[in-house]
1. Any residue at all in region 81-91 that's at pLDDT below 75, over 28 Å from TYR132 (Cβ atoms) and open to solvent by less than 30 Å² (accessible area, probe 1.4 Å)?
2. Between LEU194, LEU157, which is over 17 Å from LEU108 (Cα atoms) and of a type in the set (A, V, I, L, M, F, W, C)?
3. Just to confirm my filter: which helices (runs of 4 or more DSSP H) fall fully inside region 116-203 and include at least 3 residues that are open to solvent by less than 60 Å² (accessible area, probe 1.4 Å), in contact with a helix residue (DSSP H, G or I) (Cβ under 8 Å, 6 or more places away or on another chain) and modelled with pLDDT of 95 or more?
Amino acid sequence: DGYEHQSKKNSKSERSRIVAGCRAFVRKMASRATVRSTATRAARPAAATTSVPNRAATKRRFLVPLVRAGGFYVPSESFGGLSPERKAATAMKTLFTMCAVKIVLAQLEGSSAGRGGSAFGSFNPEAVQTIYKHLDEVPLKNGDEWLRGLMQKDRLLALRLVEVRESYIKEGFEWDSMQKAAIKEMESSNIEILREGAESMFK
């Protein structure tokens, strides 16, 4: 029994050393990446003139390897040549299209949720049915394509949704809250994953 107890104790101690070593290695690599990134920025020559980038220059900017201030490298081919920010922006167009659909439906159905000057006198059962029918026929997986399809059925209704989603992204969506929520969700998920991993090591 004493031997088994000592063996378990040594095993736990070894696992603790491994975990501590992994954490130290991660911190060391992150520190090196930060130093490399700082040195790279310091070595860059200052721009002689300021010019407005043309379309070709903008395209090249999204195709080059991406190195952020924290030293994180994202291979340029990871998202078809797009930066993570551009990829997220493209995906969010569909989210904002969904939001616009919900907003306009609330207005057209006369719901109190569709409040606002543009909602007054907007009750329109026919337009509501058009939207629901289009949702059944064309799942909203791509916001742009979904709106193009609706444009062929009801031009005015599609234009209304286009205007609402643009207004919402500029004036209604709380970007600061999204950033805080995303960071909080990531931290919570990471803690849960690390906890589960640690528990599995001691089973």
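The values are calculated or read from the model by the stated rules, or taken from the named source; none is laboratory data. Please read all numbers here as calculations on a predicted model, not as lab measurements. All Cβ positions, even for glycine, are placed from backbone atoms using ideal geometry, and neighbour counts span all protein chains on display. Remember, those area values only see protein heavy atoms, side chains included, never the ligands or the DNA or RNA. Shrake-Rupley method; radii C 1.70, N 1.55, O 1.52, S 1.80 Å.
1. No, there is no match, as no residue in region 81-91 is at pLDDT below 75, over 28 Å from TYR132 (Cβ atoms) and open to solvent by less than 30 Å² (accessible area, probe 1.4 Å).
2. Values: LEU157 fails: over 17 Å from LEU108 (Cα atoms).
Going through LEU194, LEU157 in turn, just one is over 17 Å from LEU108 (Cα atoms) and of a type in the set (A, V, I, L, M, F, W, C): LEU194.
3. Details: elements: 125-137, 143-153, 155-167, 175-201.
Fully inside region 116-203 and qualifying: 125-137, 143-153, 155-167.
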